[in-house]
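Since the structure comes first, as structure tokens, the remarks are kept for the end.
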Amino acid sequence: MTADVDPALVPELLVTDLDTSLRFWVQRCGFSVRYARPEEGFAYLILGTAHVMLDQVGVGRDWITGPLERPLGRGVNLQITVPDAAALAAELEGAGVELFMRPETKWYRIDDDAVGVRQFCVTDPDGYLLRFTSSAGRRPAVR
């Protein structure tokens with residue numbers, strides 16, 4: 001799938017300030033704006049094959065199912081695959097962004113194999129937990 005193909009699932013995140021969120025997602029995390037409707041407080045972002053929509057609360061139509069309390073998105077982490085998670089973590093830290101979880105390499109068993117990921121977690125300005133990952137390879141699983 002390429003960035004110009006619409007995926008079957010695209011999360012839309014309610015944000016408190018679209019400009020602040022765009023600075024984080026685009027300038028810090030490397031996403032680009034596929035399209036935006038500023039008059040509605042809306043932007044559609046992509047990074048490789050990862051897609052996400054940002055929607056500013058109180059501008060345009062909102063689908064709010066309950067009280068919005070910080071951090072938003074509790075209980076969910078959004079896994080985003082990037083070419084080099086460690087390099088992105090270093091860039092974020094160099095820009096003064098605090099990481100929620102420092103970079104690590106973790107192996108996950110899938111049937112008879114283990115898939116390695118280099119990963120770290122960071123929260124966006126509204127508290128959404130983002131888990132950036134890159135491949136560390138594949139090997140036989142140890143049981």
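The values are calculated or read from the model by the stated rules, or taken from the named source; none is laboratory data. These numbers were taken from a predicted model, which means no experiment stands behind them. Virtual Cβ from ideal backbone geometry, glycine too; neighbours counted across all protein chains shown. Remember, those area values only see protein heavy atoms, side chains included, never the ligands or the DNA or RNA. Shrake-Rupley method; radii C 1.70, N 1.55, O 1.52, S 1.80 Å.
A single member of D6, D62, D55, D17 is farther than 30 Å from R139 by Cβ, among the charged types (D, E, K, R) and touching a Gly at 6+ places or on another chain (Cβ under 7 Å), and it is D55. Can you name the residue in the range 51-83 that is open to solvent by 80 Å² or more (accessible area, probe 1.4 Å) and either closer than 21 Å to S32 by Cα or hydroxyl-bearing (S, T, Y) (or both) and, of all such residues, is farthest from the chain's Cα centre (by Cα)? Top of the filtered list is T65. Pairs are defined by a Cβ separation below 8 Å, a sequence spacing of at least 6 or placement on different chains, a first member in the range 15-31 that is crowded, with 20+ Cβ neighbours inside 10 Å, and a second member that is of a type in the set (S, T, Y); the pairs so defined are V15/S21. Entry remark, the range 87-120: residues being under 22 Å from S21 (Cα atoms) and either part of a strand (DSSP E or B) or in contact (Cβ under 8 Å) with a residue 40 or more places away in the chain (or both) number 12 in total.
Considering only residues that are open to solvent by less than 80 Å² (accessible area, probe 1.4 Å) and of a type in the set (D, E), look in the range 94-113 and name the one that is farthest from L129 (Cα to Cα). In this case the residue turns out to be D113.
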